[in-house]
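One structure is given below, encoded as structure tokens.
The values are calculated or read from the model by the stated rules, or taken from the named source; none is laboratory data. The structure displayed is predicted, hence computed values, not measured ones. Virtual Cβ from ideal backbone geometry, glycine too; neighbours counted across all protein chains shown. Accessible surface is based on the protein model in full, side chains and every heavy atom, while ligands, DNA and RNA are left aside. Shrake-Rupley method; radii C 1.70, N 1.55, O 1.52, S 1.80 Å.
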Amino acid sequence: DGAETKNQFSMEEGKEFGSRWGLRGMEEISPDFKVGFVLESGFRSDTGALGAARDTGRIFDRESHIDLHTKFGKFQFGRMPLFGSVLGADGLFRAIDPLFANYTFAFGSGSVTASDWTRVDNAISYVTPTFAGLTAYAMYSFKNDSKKTSTIDNEVVTGEESKAESDRYASLALRYQNGGLESVLVADMTMYGSIDSPAHETADVDNGFTVTLGGNYEFSNGFKLIAFAQYFKDQYLNTTARAGVTSDGVSYIAGSDGYGFVDGYGVSLGANYPLGGGTIKGQIAYRDMDNTNDVDFNRWFVALGYDYPLSKRTSFFAMTGFTQEKVENNRATTNNEATPYGFEFTAGILHRF
């Protein structure tokens, strides 16, 4: 019931990596102290518009921070990517993501987790020096999104930094490297605000958190095995951004709240292997979760990709995948179950400069 098939053929931007340009600099004050900065702006290569994935209303929407490099570690201040992402220099999910299918609809590691995989404003982060292959990370954001506003009693309001009315974020992480082994442990917590968060419009919820453990191991023949598992609780998940090809089916059964605040887990197993001068990539993943409205979501996908370097700075990529999600509304008596699914093929050119 309510089944509908949609087909789309289009030119899209940044299916593997979003387009960006930027500025960065570094000054050495002394051998043990350097000061640097990073300003990075996303844009859509198909239209020239600012902002690759969504309209953020910022010039430097991807990164904007000042960095202090000392013998005690690296300190950063500003807008920066989360450790639980594949973005920036400290995106630790690079170690656990087999395809880097960041902007695909039917597959991608982000579609089987509850992590934001994005950035926060007003943040401070710290990265320790590496000891015996082990590096520690910490981050805190006083207000996740400085552009976020809410309408309460017909009045547009904005939460203040560091106040309980604003969404805030904290994260701790570890990374271990030894020979062919790389492993990461990332724990983060979102402190939902009384104004910023969708929580003020629905039931009161606890702070959301995720714990992700994963890594990769590269064998002597170049074969790399990549895996992760994530547990999450009370994490808000945006249906529009994360459901992809199953979005209509999710909303049809779950209602306007869609995913909402969810508890559950996700697992992924993938591999990379050098083949024909390039790299073939594969992944299979599964996620099981339920939300505060007693709706269950079970999603799985399988995906395959190939990257081929045409030169040092230019490469060709092709990716394909199939996703299916079972949605069950345990409160409804009719239209209470659906199994939406979808398929995607994408190919493009990536140039780094």
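Computed quantities for the displayed model
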item	result
Base-10 log of normalised Debye intensity for region 272-353 (one unit scatterer per alpha-carbon) at q = 0.11, 0.20, 0.21, 0.27 Å⁻¹	-0.48, -0.89, -0.94, -1.21
For PHE317, net neighbour charge (Lys/Arg +1, Asp/Glu -1) across residues whose Cβ lies under 10 Å away	0
Lysines whose Cα lies under 25 Å from that of LYS74, excluding same-chain neighbours fewer than 8 positions away	LYS34, LYS143
Those aspartates and glutamates that a straight Cα-Cα span of less than 18 Å connects to LYS224, excepting residues fewer than 8 apart in one chain	ASP97, GLU182, ASP307
Environment charge of VAL262, counting only residues whose C-beta is closer than 12 Å and scoring Lys/Arg +1, Asp/Glu -1	-3
Radius ratio Rg over Rh of the chain, counting only Cα atoms, Kirkwood formula for Rh	0.96
Dipole moment magnitude, nearest 20 debye, the chain about Cα centre, only Lys, Arg, Asp, Glu C-beta charged	1520 debye
Per-residue [θ]222 nm for the chain (sum of -39500 (n - 2.57) over DSSP H runs n ≥ 4, rounded to 500)	-1000 deg cm²/dmol
Normalised contact order of region 190-278, rounded percent, pairs of Cα under 8 Å and 6 or more residues apart	28 percent
Accessible solvent surface per residue of the chain, calculated while the other protein chains remain in place, 1.4 angstrom probe, Å²	50 Å²
Space enclosed by the convex hull of the alpha-carbon atoms of region 1-117, per residue, Å³	143 Å³
For region 95-146, alpha-carbon Rg and Dmax in angstrom	14.7, 40
Efficiency of FRET from Cβ geometry, SER30 and ALA136, R₀ 22 Å, rounded to 0.05	0.35
Taking the C-alpha atoms of region 214-353, convex hull volume expressed per residue in Å³	121 Å³
For GLU337, distant residues with modelled amide H under 5 Å away	ASN329
Within-11-Å neighbourhood charge of PHE142 [Cβ basis; K, R +1; D, E -1]	-1
Distance from region 80-98 to region 256-295 (C-alpha centre basis), Å	16 Å
Dipole magnitude of region 173-329 about its Cα centre (Cβ charges: Lys, Arg +1; Asp, Glu -1), debye to nearest 20	1100 debye
Exposure ranking of TYR273, TYR306 by accessible area [1.4 Å probe, largest first]	TYR273, TYR306
Difference of contour (0.36 nm per residue) and Cα-Cα distance, ASN221 to THR334	35.2 nm
Equivalent ellipsoid, region 88-229 (semi-axes from 5 times Cα gyration tensor eigenvalues, Å)	34, 18, 12
Relative packing of peptides 22-28, 45-51, 266-272 - highest average C-beta neighbours within 10 Å first	266-272, 45-51, 22-28
23 Å tail of the calculated P(r), region 175-290, as % of Cα pairs	46 percent
Using a Förster distance of 25 Å, the FRET efficiency for ILE59-GLU161 (Cβ separation, nearest 0.05)	0.75
